[in-house]
Amino acid sequence: MYRKQQKNVHGCFTSDSDAFLFGARTVYRDVFIGDGGYVICYEMEDIEKKLHFDRKSLLCCNDLSFSS
């Protein structure tokens, strides 16, 4: 995610749900090209505004959900 911090990229295409934990700000998923094509876009800004979660909060949730 270093390139995002340097403003070299706009977002990333991935099916990994942990992209935001590594610093992604914009994630594109489920890309379908063709008639009626679509892409689903997730923004960290939306997560921060609607859920009041920042990256640190997401990391804590991740740690709690995978603890034994």
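Here, each number is a calculation from the coordinates, and none is a lab measurement. Just so it is clear, the model here is predicted, and its values are computed rather than measured. Please note: Cβ atoms are built from the backbone with ideal geometry, for glycine as well, and neighbour counts cover all protein chains shown.
Going by how many other Cβ atoms sit within 10 Å of their own, how do S17, S65 line up, fewest first? Walk me through the intermediate numbers first.
Details: S17 11, S65 7.
In order of increasing Cβ crowding within 10 Å: S65, S17.
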Once you have the alpha carbon radius of gyration of the range 2-65, what is it after dividing by 2.2 N^0.38 Å, with N set to its residue count? 1.23
About its Cα centre, what dipole magnitude does the range 2-65 give when the only charges are +1 on Lys and Arg Cβ and -1 on Asp and Glu Cβ, stated in debye to the nearest 20? 320 debye
Taking amide H atoms as placed 1.01 Å from N in the peptide plane, list the residues 5 or more away in sequence, or in a different chain, whose amide H sits under 5 Å from that of T14. Y28
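Net charge near D54, counting Lys/Arg +1 and Asp/Glu -1 over other residues with Cβ under 13 Å of its Cβ? Please list the in-between numbers first.
On the way: positive: R25, K49, K50, R55, K56; negative: E45, D46, E48.
Summing Lys and Arg as +1 and Asp and Glu as -1 gives +2.
Given R₀ = 35 Å, FRET efficiency for C60-I33 by Cβ-Cβ distance, to 0.05?
Details: r = 37 Å, r/R0 = 1.05.
For C60 and I33, the calculated efficiency is 0.45.
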